[in-house]
Amino acid sequence: MPPEHPMVDDAAEDWYYRPDAAGAMISLGEAEPSEPCDAQPHEGAVAGLIAMIERETSLRITGVVKAWTGLRTERPSDVPVCGWDPVAPGMFWLAGQGGYGFQTSSALARAAAELVLRGEVGDWLSSATRDALAPDGSPDQSATPR
């Protein structure tokens with residue numbers, strides 16, 4: 001797959017793929033509850049994903065370089081958390097990216113750095129988004145650690 005190939009995501013968000021140095025990175029879009037553990041792909045998950053991709057696209061998978069899975073944290077709202085905890089002094093939250101860490105990590109890292117260093121996020125992030133990211137959902141994200 002050429003590096004300039006776009007990321008492809010199916011409408012149901014069951015899977016996506018994007019270019020990778022080894023060819024393509026292909027991922028399921030599932031979210032399965034799990035206790036903390038050394039997460040490993042379920043038996044048959046890789047073969048099932050390959051079958052689904054080949055059935056629904058023109059890609060033909062010729063081999064698997066590496067198979068892995070991960071644990072995701074998610075908030076009930078599916079919105080990440082980024083900010084100072086209103087109850088636990090000195091606790092800063094940066095969690096809940098779910099399966100969107102690749103796409104959101106740069107923006108969330110910038111927001112976290114600005115909150116920690118300056119006590120507020122710049123205007124590049126909408127006030128509605130800043131409010132939604134707050135650990136308690138409150139609009140005041142300018143609080144510093146107590």
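The values are calculated or read from the model by the stated rules, or taken from the named source; none is laboratory data. Every value quoted in this text rests on a predicted model; they were computed, and no experiment measured them. Every residue, glycine among them, receives a Cβ derived from its backbone with ideal geometry; neighbour counts consider all protein chains shown. For accessibility, only protein heavy atoms count, side chains too; no ligands or nucleic acids. Shrake-Rupley method; radii C 1.70, N 1.55, O 1.52, S 1.80 Å.
Filtering the range 103-137 to residues that are closer than 16 Å to G90 by Cα and in contact with a Gly (Cβ under 9 Å, 6 or more places away or on another chain) leaves A112, E114, L115, A134, P135, D136.
Exactly one residue among R60, R18, R75 is surrounded by 13 or more Cβ atoms within 10 Å (Cβ to Cβ), in contact with a helix residue (DSSP H, G or I) (Cβ under 9 Å, 6 or more places away or on another chain), free of Cβ contacts under 8 Å to residues at least 24 places away in the same chain and in a loop (DSSP other than H, G, I, E, B), and that residue is R75.
Every condition in (1) over 26 Å from R110 (Cα atoms); (2) open to solvent by 70 Å² or more (accessible area, probe 1.4 Å); (3) touching a strand residue (DSSP E or B) at 6+ places or on another chain (Cβ under 7 Å) holds for M52 except the one numbered (2).
With the structure loaded, tell me whether A134 is modelled with pLDDT of 95 or more and either touching a His at 6+ places or on another chain (Cβ under 7 Å) or not basic (K, R) (or both) or whether it fails that test. In short, no. Entry remark, the range 79-93: residues being in contact with a Lys or Arg (Cβ under 7 Å, 6 or more places away or on another chain) and open to solvent by less than 40 Å² (accessible area, probe 1.4 Å) number 1 in total.
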